[in-house]
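The values are calculated or read from the model by the stated rules, or taken from the named source; none is laboratory data. In this text the structure is predicted, and so the values were computed from the model without any measurement. In this analysis, Cβ positions are derived from the backbone assuming ideal geometry, glycine residues included, and neighbour counts consider all displayed protein chains. These accessible areas exclude ligands, DNA and RNA; they are computed on the full protein's heavy atoms, side chains included. Shrake-Rupley method; radii C 1.70, N 1.55, O 1.52, S 1.80 Å.
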Amino acid sequence: MASSSFLAVFRIVLLVLFFNGMVPMHAASQDDILSTICKKTRNPSFCFNVLKSAGTTDLKRLATFTLNLAHDKVAQTRALAQSLASKASDPKLKERYATCAEQYGEAADDIKDGKKDLGEGDYNGVNIKASAAMTEAGDCQDNFTQSPKDPSALSGNGKTVEDICSIILVIANLLLGRA
């Protein structure tokens, strides 16, 4: 009899906590949170796939996850640009690749600073740094609007960096709204 009373009280406590929002419904809320973020990005389907793999709906953790992802992609793209610059025989391509390597170096610094800002709770700083990294990636891509075109994967990497930074911008803005 005592155990049935305990179970009844336990159920009531769970119901009260649930209806007061203290026990989240993870399955429904994850899609809602990801949808809220991703519909504001430049590439919602990419965003949804990226954030699904994060395994969390906590905004700070999502920010950390996407900043780390951006850092990795920027470093990979910088290395590619450096390699292409060293191997290019066309002087125009060689110069453009070298410029891109510098721009991705700046983007890496921006992302690193964005991580520091996140740790300090400076969400506006995160926003500014992600925007700067996004601009650096876009500037690299703009180098190839005229001939000779970039025959490598560099422009695809640049678009990916911009897409990741777009996610970071939205998350930073949501964190600003909560601060």
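Some points to look at:
- Identity of the residue in the stretch 56-68, assigned to a helix (DSSP H, G or I) and β-branched (Val, Ile, Thr), that ends up surrounded by the most Cβ atoms within 10 Å (Cβ to Cβ): Thr66
- Restricting the stretch 32-55 to residues that are assigned to a loop (DSSP other than H, G, I, E, B) and either without any contact (Cβ under 8 Å) to a residue 40 or more places away in the chain or small (Gly, Ala, Ser) (or both) leaves a set whose member that is nearest to Asn173 (Cα to Cα) is Lys39.
- Evaluation of Gly125 against (1) under 17 Å from Ser166 (Cα atoms); (2) free of Cβ contacts under 8 Å to residues at least 40 places away in the same chain; (3) buried (at least 18 other Cβ atoms within 10 Å of the Cβ); (4) of a type outside the set (Val, Ile, Thr) (one fails), failing number: (3)
- Considering the stretch 99-119, and only residues there that are open to solvent by 40 Å² or more (accessible area, probe 1.4 Å) and not acidic (Asp, Glu), the residue that is farthest from Glu162 (Cα to Cα) turns out to be Gly119.
- Of the residues in the stretch 88-106, at least one is in a helix (DSSP H, G or I), in contact (Cβ under 8 Å) with a residue 12 or more places away in the chain and of a type in the set (Phe, Trp, Tyr).
- With respect to the conditions (1) farther than 30 Å from Ser147 by Cβ; (2) open to solvent by less than 10 Å² (accessible area, probe 1.4 Å), Ala81 lacks only one, and its number is (1).
- Members of the stretch 130-179 that are open to solvent by less than 20 Å² (accessible area, probe 1.4 Å), out of contact with any Phe, Trp or Tyr (no Cβ under 7 Å at 6 or more places or on another chain) and over 23 Å from Gln76 (Cα atoms): Val170, Ile171
- Whenever a residue of the stretch 56-69 is without any contact (Cβ under 8 Å) to a residue 24 or more places away in the chain, its partners that are not in a helix (DSSP H, G or I), lying with C-beta atoms within less than 8 angstrom and at least six residues away or across chains, give the pairs Arg61/Ala54; Phe65/Ala54; Phe65/Thr56.
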